[in-house]
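Have a look at the structure below before the remarks.
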Amino acid sequence: MEMTNEEIHEINRRRTFAIISHPDAGKTTLTEKFLLYGGVINQAGSVKGKATSKHAVSDWMEIEKERGISVTSSVLQFNYRGFCINILDTPGHQDFSEDTYRTLMAADSAVMVIDASKGVEAQTRKLFKVCVMRRIPIFTFINKLDRDALDTFTLLDDIEKELGIATCPINWPLGSGKNFKGIFDRKRNEVITYSETMKGTKEAKTEIIPLSEKDKLTDKIARDIYENLLNEIELLDGAGVDFDLEDVKAGILSPVFFGSALQNFGIGEFLKYFLEMSTTPLPRQADCGLINPEQADFSAFVFKIQANMNKAHRDRIAFMRICSGKYEAGMEVRHIQGGRNIRLMQPQQMMASERKTLTQCYAGDIIGVFDPGIFAIGDTLSVPDKELRYEGIPTFAPEHFARVRQIDTMKRKQFVKGISQIAQEGSIQIFQEPSGGMEEIIVGVVGILQFDVLKHRLEKEYNVEIKLENLPYEHIRWVVKSETAADRLTGTSDMKKVVDLKGNLLLLFINAWSIRMTLERNEGLELSEFGT
């Protein structure tokens, strides 16, 4: 059965992208302004602002509201100018970077938000490497031009040197901070003038003036700023990289845009060009080859699991990226890893903690499905008569470890359920002694702030209090192959053997040199930094 022209059109109008940034670069504010343009929300509200108690739509977890940070990825969909846009909003804080890694697996492109006063920061570098690894197109939005910024050429040079990607400015800023007067659209040869946005309004008041109208422009933006712009344009045209859409799609050239998300200036221009340049849903690699989105057979993979999005229902949602075909409510699908056919009842699209039940959705869409505890990150779903597996999503090695102690041992059942469910989401990893069940639990995390989130969620969502005892381990390796039984593996005095939730054997080390020594002492032993 082939897809109809109407169904192919539905797939081709989808744009699915992730927004990545260092903390405080303005990513959540930018996301919120996209939703304003899409008509999803009617009023802008700052996450941390005192002027309003409203929180950004994408920040729904209690701890996020308390601290003003995003700790989980939100999935937001809206329609704009004939396109159906799926935004994957990711945590900016580096302690939650693993959630961002997984989310990037579900995106077709990434929007990198950079603070104009700071340039490329450590977390931006880390996330960018994942984009390069996946070879996905990267669009750069340099934010906060309404504050004093670094020199524009310095910013571009910073991106090229730090991230190793060529840049092509699509527009160009006129000053910054108190002297920020607007942006110059290089393609249309026009200046879009800037004035501060009135609180709560959708767009900044702007005026579009052709560059050729010198008198009108110098009245509006001052002669010295106009002349400086002409010099910068000349320099840019002579020494800059030419725009090449194929290079953008290959992930080796990043189109750069400037503006202020807080003042809602430059957002409409960015969206317009982004929709012209970004790609339709991309093919995905499976064990049987590349799967094209326009193939009629439905297929998808799970990239995120989130428990208790609605505390009243104690539910668990599996987020899936649809890779091919079309999903219709009530259809039977094959859960490959589970080895059985199931019906995905009431697939939903999320507007943060609000939900909309769908009757149909297409390749490129992200859907949330009620999970009774059968799904794991990386699982594949397909039509019942087709066996295929999408590439697994790697588990990143934790960098911090702690032993978990229950304060009230009478709540053992809630404790085991809570910590197991949170671990299945992938934000923490739990390990135990190879011999015994859940008597002693060790938690591993990528960033130490995850420990705070674990304590907070166990208390608020499962009514369980815990104490965490930090452990000195800094290195972890999965045992890929061993010719020696687990109990007879010879290690060093600082090595500890544990197993993960899937029963895989792992080794924890305090010192890096112990890894090499353990390999030397056990012939045929193979270790890996990643789990699957």
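The values are calculated or read from the model by the stated rules, or taken from the named source; none is laboratory data. Model, not experiment: these values are computed from the prediction. Methodologically, a virtual Cβ is constructed for each residue, glycine included, from the backbone with ideal geometry; neighbour enumeration extends over all protein chains shown. For the accessible areas, the whole protein counts, side chains as well, though only heavy atoms, and no ligand, DNA or RNA atoms are used. Shrake-Rupley method; radii C 1.70, N 1.55, O 1.52, S 1.80 Å.
Checked against (1) exposed (fewer than 14 other Cβ atoms within 10 Å of the Cβ); (2) at pLDDT 70 or above, MET345 passes all but condition (2). The single condition from (1) touching a Cys at 6+ places or on another chain (Cβ under 8 Å); (2) modelled with pLDDT of 90 or more; (3) surrounded by fewer than 18 Cβ atoms within 10 Å (Cβ to Cβ); (4) among the β-branched types (Val, Ile, Thr) that VAL241 fails is (2). If the condition is being of a type in the set (A, V, I, L, M, F, W, C) and in contact with a strand residue (DSSP E or B) (Cβ under 7 Å, 6 or more places away or on another chain), then region 510-524 contributes ALA512, ILE515, LEU519. Pairing residues of region 1-18 that are closer than 12 Å to ALA296 by Cα with residues that are surrounded by fewer than 16 Cβ atoms within 10 Å (Cβ to Cβ) and not charged (D, E, K, R), at Cβ distances under 8 Å and at least 6 apart in sequence or on separate chains, gives MET1/ALA296; GLU2/ALA296; MET3/ALA296. Checking each residue in region 379-415 for being farther than 15 Å from GLN429 by Cα, within 19 Å of the chain's Cα centre (by Cα) and at pLDDT below 90 picks out GLU391, GLY392.
Please determine, by comparing only the residues of region 431-474 that are of a type in the set (Lys, Arg) and open to solvent by 30 Å² or more (accessible area, probe 1.4 Å), which one is nearest to the chain's Cα centre (by Cα). Applying the filter and picking the extreme gives LYS455.
Candidates in region 508-532 are the residues that are in contact with a Ser or Thr (Cβ under 7 Å, 6 or more places away or on another chain) and open to solvent by less than 20 Å² (accessible area, probe 1.4 Å); of these, the one that is modelled with the lowest pLDDT is GLY531. When ASP219 is tested against the conditions (1) more than 26 Å from LYS144 (Cβ to Cβ); (2) at pLDDT 95 or above, the lone failure is (2). Right, GLU160: in contact with a Ser or Thr (Cβ under 8 Å, 6 or more places away or on another chain), open to solvent by 30 Å² or more (accessible area, probe 1.4 Å), at pLDDT 90 or above and in a helix (DSSP H, G or I) or not? It is true that GLU160 is in contact with a Ser or Thr (Cβ under 8 Å, 6 or more places away or on another chain), open to solvent by 30 Å² or more (accessible area, probe 1.4 Å), at pLDDT 90 or above and in a helix (DSSP H, G or I). Summed over region 163-203, the residues that are of a type in the set (Phe, Trp, Tyr), at pLDDT 95 or above and either within 28 Å of the chain's Cα centre (by Cα) or assigned to a loop (DSSP other than H, G, I, E, B) (or both) give a count of 1.
Only strands (runs of 3 or more DSSP E) whose full extent lies in region 233-305 are considered here, and the ones with at least 2 residues that are touching a residue at least 40 places away in the same chain (Cβ under 8 Å) are 253-258, 284-286. For region 475-495, residues that are without any contact (Cβ under 8 Å) to a residue 40 or more places away in the chain and either open to solvent by 50 Å² or more (accessible area, probe 1.4 Å) or not β-branched (Val, Ile, Thr) (or both) total 8. No other residue among THR492, THR484 is modelled with pLDDT of 90 or more and not aromatic (Phe, Trp, Tyr) apart from THR492.
Does region 164-176 hold any residues that are open to solvent by 10 Å² or more (accessible area, probe 1.4 Å) and either touching a Ser or Thr at 6+ places or on another chain (Cβ under 6 Å) or without any contact (Cβ under 8 Å) to a residue 60 or more places away in the chain (or both), and which are they? GLY164, GLY175, listed by residue number. Checked against (1) open to solvent by less than 20 Å² (accessible area, probe 1.4 Å); (2) over 16 Å from PHE401 (Cα atoms); (3) in contact with a helix residue (DSSP H, G or I) (Cβ under 7 Å, 6 or more places away or on another chain), GLN414 passes all but condition (1). Pairing each residue of region 384-410 that is within 17 Å of ILE442 (Cα to Cα) and open to solvent by 40 Å² or more (accessible area, probe 1.4 Å) with any residue that is of a type in the set (D, E, K, R) and not in a loop (DSSP other than H, G, I, E, B), provided the two are 6+ apart or on different chains, yields C-beta distances under 7 Å for PHE396/GLU98; ARG405/LYS467; ARG405/GLU469; ILE407/LYS467.
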